[in-house]
Amino acid sequence: MPDKAANNSEKPLAIVVGGGPAGLTAAITLAVGGIGTVLVGKRPARPDNRTTALLGGSVTALATLGVWDLCAAQAAPLTIMRIVDDTGRLWRAPEVKFDAGEIDLEAFGYNIENRHLVAALEQFAATLPNLRLIEDDVLSVERGDDYVSVTLKSGDRLQAPLVIGADGRRSLCRDAAGIGIDERKYKQVALTVCLKHSRPHRETSTEFHTPNGPFTLVPLPGLRSSLVWVLDPNHADDLAALDDAALALEIERASHSILGKIEIEPGRGLFPLGVATAKRFGDNRIALVGEAAHVIPPIGAQGLNLGLRDAATIGELAVAAYRAGNDVGGADVLSAYDKMRRADVGSRTIAIDLLNRTLLTDFLPVQGMRGLGLYMIDRIGPLRRAAMREGIAPAPAAAQPRLMRGEAL
Ligand SMILES: Cc1cc2nc3c(=O)[nH]c(=O)nc-3n(C[C@H](O)[C@H](O)[C@H](O)COP(=O)(O)OP(=O)(O)OC[C@H]3O[C@@H](n4cnc5c(N)ncnc54)[C@H](O)[C@@H]3O)c2cc1C
């Protein structure tokens, strides 16, 4: 059992590897709860030009921690979500429109550029006395009985009884914990870009379902939106090779001009899509959060919302163990973490994978079932409201981490 007296950022009880949004949120949660924490992260080589639709509880958690005030001005509310069948197929689904007011919410969530979210998390993290931030690469992670050792590129070596692996899809921490992964690559690529447009978005996100995947416009503050366009890889390469004016025309055409004239902002991204779930979310004193634990395609804005729930959950469990004088990285904490996250991650991964497959299939009965499902959601009020509530948070509310319910640590 590790020495409990050692709890400051010089002799930390926790090390977080990876300074993306999930890692920063985990580190902040641990440090706010009194746990001496070190976060080691290397900024990605290319800037992340994606945006995140932060749904319901994610915004509440960031507000409860004190981060949301630092970036709220850069986020746009999502009050209406439209799904439009643009497959041109024989059996098309009706347009479905979800309005946050129907479930007594002002907004389903807020869309923000990742760079603003990460900057706010970094700014807040820098104010916490219990948290030390090191910008460096982690070269190796070695597990031991009482401690995990982390070796940095600088040559420094850190040890702590709990390591949080927030190091993304190719997680070194996951390998060090001896945890395998179930993974499947899709024959789809997401093209991402931010846009200026001449017509207002009216706080509405619109998801056009095309035979190759969704084309989703999500509001940003002002006359701006972000686009995630899921395509087959050849088409994605062709579009990515276009100059800004030609790409803007293609986007205007695909969006049926609902936002008027389009202007492309600098910074495009191409993301090969797939689905992956770690076989366990924690073992051998190493807990996995965010994309180190699970990757899902960008349909329905679930990925980072799951990642933030991971971060809040492991943070709360470790803080509870610390306050009770127990081992923060012990088997009890890690098995509770695995158990608490599996249903939420598993159910959303299956639902999104299925929805994606029904879009891609040429099999008429499956297309018909998809259309019927959306028709029922459109017509049956209680079903539609249940779908909206489940889309933004797992039911029942008690299944969510406390931070997501607005309760301080
Ligand atoms: C096109 C697209 C659109 C999306 N839209 C949404 C959305 O609207 N809503 C939503 O909820 N989710 C969305 N997602 C998912 C979301 O972007 C991801 O879930 C999120 O970015 C993952 O965050 P993370 O912190 O887990 O990982 P990352 O952002 O990948 O961060 C990992 C960090 O670890 C660092 N790192 C890795 N290895 C090391 C090492 N050895 N040493 C030091 N540092 C290291 C990396 O440099 C990086 O900074 C989208 C995804 C895609 C592809």
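The values are calculated or read from the model by the stated rules, or taken from the named source; none is laboratory data. Keep in mind the model is a prediction, meaning the values are calculated, not measured. When we count neighbours, we look across all protein chains shown, and the Cβ atoms used for this are built from the backbone with ideal geometry, even at glycine.
Restricting attention to the stretch 275-296, and to residues there that are within 10 Å of the ligand (Cβ to nearest atom) and either aromatic (Phe, Trp, Tyr) or in a strand (DSSP E or B) (or both), which single residue is surrounded by the most Cβ atoms within 10 Å (Cβ to Cβ)? Steps first, answer last, please.
Going residue by residue through the stretch 275-296, those that are within 10 Å of the ligand (Cβ to nearest atom) are 288-296.
With the extra rule that they be either aromatic (Phe, Trp, Tyr) or in a strand (DSSP E or B) (or both), the set shrinks to 288, 294-295.
Numbers: Leu288: 31, His294: 27, Val295: 21.
Going through the qualifying residues, I end up with Leu288.
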Criterion (acidic (Asp, Glu) and over 30 Å from Thr25 (Cα atoms)) met by exactly one of Asp283, Asp243: Asp243
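Assigned to a helix (DSSP H, G or I) and either away from the ligand (no atom under 13 Å from the Cβ) or of a type in the set (Gly, Ala, Ser) (or both), is that true of Glu250? Before the answer, list the steps.
On the way: assigned to a helix (DSSP H, G or I): yes; either away from the ligand (no atom under 13 Å from the Cβ) or of a type in the set (Gly, Ala, Ser) (or both): yes.
The answer is yes for Glu250.
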Residues being more than 26 Å from Asn305 (Cβ to Cβ), within 11 Å of the ligand (Cβ to nearest atom) and assigned to a strand (DSSP E or B) - total across the stretch 111-137: 2
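Any residue that is at pLDDT 95 or above, part of a helix (DSSP H, G or I) and over 17 Å from Gly33 (Cβ atoms) - is there at least one of those in the stretch 363-385? Lay out the reasoning, then the answer.
Initial filter on the stretch 363-385 (at pLDDT 95 or above): none.
So far as the stretch 363-385 goes, no, none of its residues is at pLDDT 95 or above, part of a helix (DSSP H, G or I) and over 17 Å from Gly33 (Cβ atoms).
When the residues of the stretch 194-223 are filtered to those that are more than 10 Å from the ligand (Cβ to nearest atom) and among the aliphatic types (A, V, I, L, M), which remaining residue is nearest to Ile264 (Cα to Cα)?
Keep residues of the stretch 194-223 that are more than 10 Å from the ligand (Cβ to nearest atom), which gives 194-204, 206-215, 217, 219-223.
Among the residues that remain, those that are also among the aliphatic types (A, V, I, L, M) are: 195, 217, 220, 223.
Working: Leu195: 5, Leu217: 13, Leu220: 14, Leu223: 12 Å.
Among those residues, the one meeting the criterion is Leu195.
Just name the residue that is surrounded by the most Cβ atoms within 10 Å (Cβ to Cβ) out of those in the stretch 30-54 that are assigned to a loop (DSSP other than H, G, I, E, B) and more than 7 Å from the ligand (Cβ to nearest atom). Break it down into steps so the answer makes sense when it comes.
Start the filter on the stretch 30-54 by keeping residues that are assigned to a loop (DSSP other than H, G, I, E, B), which leaves 33-36, 42-50.
Remaining after also requiring more than 7 Å from the ligand (Cβ to nearest atom): 33-36, 45-47, 49.
On the way: Gly33: 20, Gly34: 14, Ile35: 26, Gly36: 21, Ala45: 5, Arg46: 8, Pro47: 13, Asn49: 17.
The qualifying residue surrounded by the most Cβ atoms within 10 Å (Cβ to Cβ) is Ile35.
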Conditions (1) crowded, with 24+ Cβ neighbours inside 10 Å; (2) closer than 26 Å to Val96 by Cβ; (3) of a type in the set (A, V, I, L, M): number failed by Ile299: (1)
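Looking at the stretch 282-303, which of its residues are at pLDDT 95 or above and either among the aliphatic types (A, V, I, L, M) or more than 16 Å from the chain's Cα centre (by Cα) (or both)? Full working, then the answer.
Initially, the stretch 282-303 is screened for residues at pLDDT 95 or above, giving 282-295.
The answer is Gly282, Asp283, Asn284, Arg285, Ile286, Ala287, Leu288, Val289, Ala292, Ala293, Val295.
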